[in-house]
Ligand SMILES: Nc1ncnc2c1ncn2[C@@H]1O[C@H](COP(=O)(O)OP(=O)(O)O)[C@@H](O)[C@H]1O
Ligand SMILES: [Mg+2]
């Protein structure tokens, strides 16, 4: 077997293992789907009338909300990836793999791919739920695919960072603390629920730097009647760069893990 | 990415399978885990690393199995430098860590299959090997079920099977029987003894059960505070302690330990006297016959005796002699008392 094939094979074996874990936890799957449905319903009704303020690019709030919920869900499920890593560390599974010939890259990639697959699945379901609720997607299938890609990238960024944190701090409390602290600001300092035109100026400026918002901008731009591809490319490029950096960082954390093991 | 080849070079004939030289390791928070750990394991033998909790056994295993890196020192495993070529070492070793490490959501079979694949086993070779191991470790039925439902003994057997999938040259077993009930422990001992009989397999075993080391290992190194304090065959270690051990417990702390020591050491047949607070250990010829004289001598010196026991030399005595404290005390000092330990060591 040559090195390249072997490396690909390792990536596949490790990913397969991770996917099986997800499939075998029906409770987790259900939660992953019920939660966005609830958000879609609650926020959809709560903010129904804000669309009348204008600047949403649509007259139906649900049209505007769906990409927001897709990205928000990607964020909120990926942020907890570190918990899984922590469990693997505590159980000794990670250590077992680290003494086999499997590459560190394959171990990390498996997390990223698994996370990507779940995020994509979750996103598709939300899009379908939105459609059932009467949402309109003028950008068609292309727009939706771009939205899902953006949410997968965002999930990869936060999943990788969460994994890195799990390996470095090795405390559930820290992950819980950081996540609870970040989740709401990251969501509300974005255009998830509110059109940028209706946001206070300082919030808009912060949102411009918020990767969560980038994912929403990418999705919404691509899903519009008349997509702004420039915006999709620039913000999408930003997400891609962050993904590469986050995954690289989390693979690097194996080294510091090795010092503390 | 690592090369999948160029690693199967067998260790040079006659060269030790494992060699650690002056390993040191300090964990964050200034915890010294290893302070000059050196050991040599000859190919094809079972080597026991015996020591109380916190002695540094697992840290040694983690370094030798390429998981952790030492602060200084060097290590060779199966002919490869563990620090410079960890990837080569990984292909040559099997590791059964102190913590299980099996994936609880996967079945026993799936765990073994994945493990085999990571070492490059595929297709019928893999299936055959997995079947063989499930059979051998009495997991043929259980192999179809998720590991999370396994008993402690089943899980440990799976752990050992995982370590053997790729037919390693050297197998590391870190406390393979800790936490098992006596029945499962005996079964595991039989299994390890059988493995040791397998052609060419070298085993480095760590344990804090004196009995386990005595029973399984051809050579034992006693570890205390991050280094080896004494090494040899179990018989040689015990043989170094001439005669029997008489353990005496005083009613009150000795007034003047030196006076007591002198009084006891002057008796015929007494080789060695150790006084530790209220506890006195005397090494003497024919312990049972010596007790009256010992009691009388203590009486004369003004020390009242609460209890006296005579024991054949055990590894506990070896430990006491070389580490300067009792096994059970060393454990207590690390704040993780193991009641079984006392009986395991004192049973002989
Ligand atoms: N990952 C770690 N982080 C900090 N301290 C550790 C770690 N692992 C072990 N130690 C400390 O190092 C010492 C040796 O531990 P260890 O090698 O696990 O001993 P043993 O296996 O003989 O019980 C102990 O004091 C232990 O608390
Ligand atoms: Mg240990």
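Nothing in this text is a laboratory measurement; each read-out follows from the coordinates by a stated rule. Bear in mind the structure is a predicted one, so any value in this text is a computation, not a measurement. Quick reminder, even Gly has a Cβ in these numbers, built from the backbone with ideal geometry, and neighbours come from all protein chains shown.
Quick one: divide the alpha-carbon radius of gyration of the stretch B:13-149 by 2.2 N^0.38 Å and tell me what you get. Could the numbers behind the result be given before it?
Details: Rg = 17.4 Å, N = 137, 2.2 N^0.38 = 14.3 Å.
Its radius of gyration relative to the 2.2 N^0.38 Å reference: 1.22.
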### Residue mean of other protein chain beta carbons inside 10 Å, A:88-98
6
### Using alpha carbons only: equivalent-ellipsoid semi-axes of the stretch A:56-162, gyration tensor based, whole Å
35, 12, 10
### Message
Give me P(r) over the protein assembly as shown, computed from all C-alpha to C-alpha distances, binned every 10 Å, as integer percentages.
### Response
3, 15, 21, 18, 14, 12, 8, 5, 3, 1, 0
### Task
Express the Stokes-Einstein translational diffusion coefficient of the stretch B:135-191 in µm² s⁻¹, to the nearest whole number, given a Kirkwood radius over alpha-carbon pairs, 20 °C and a viscosity of 1.002 mPa s.
179
#### Entry: Value at 222 nm in deg cm²/dmol, rounded to 500, when DSSP H runs of n ≥ 4 in chain B each add -39,500 (n - 2.57)
-11000 deg cm²/dmol
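Just checking the output field for A:24-30: average partner chain Cβ neighbours within 10 Å of each residue's Cβ? Before the final figure, lay out each step's value.
On the way: counts 4, 1, 0, 0, 0, 0, 0.
Across A:24-30, the average partner-chain Cβ count within 10 Å equals 1.
For a quick check: sort A:254, A:181 by the number of other beta carbons within 10 angstrom, fewest at the front.
Listed from fewest to most nearby Cβ atoms, that is A:181, A:254.
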### Query
Separation of the stretch A:168-244 and the stretch B:125-142 by C-alpha centroid, Å?
50
### Query
In whole angstrom, how far apart do the alpha carbon centroids of the stretch A:21-59 and the stretch B:199-229 sit?
59
### Task
Express the Stokes-Einstein translational diffusion coefficient of chain B in µm² s⁻¹, to the nearest whole number, given a Kirkwood radius over alpha-carbon pairs, 37 °C and a viscosity of 0.692 mPa s.
150
### Query
Simple spin-label model, 7 Å along Cα-to-Cβ: residue B:190 to residue A:183 in nm?
5.2
### Message
Out of all Cα-Cα pairs in the stretch A:3-260, roughly what percent, to the nearest whole number, are more than 22 Å apart?
### Response
55
#### Entry: Cα-based Kirkwood hydrodynamic radius, the stretch A:122-162, one decimal, Å
11.1
### the stretch A:174-216 - Debye-derived log10 I(q)/I(0), Cα point model, q = 0.17, 0.22, 0.29, 0.34 Å⁻¹
-0.45, -0.67, -0.97, -1.17
### Message
Considering all alpha-carbon pairs of the stretch B:242-312, what whole percent are spaced by more than 17 angstrom?
### Response
28
#### Entry: Principal axes of the stretch B:62-134: Cα extent on each, largest first, Å
41, 24, 15
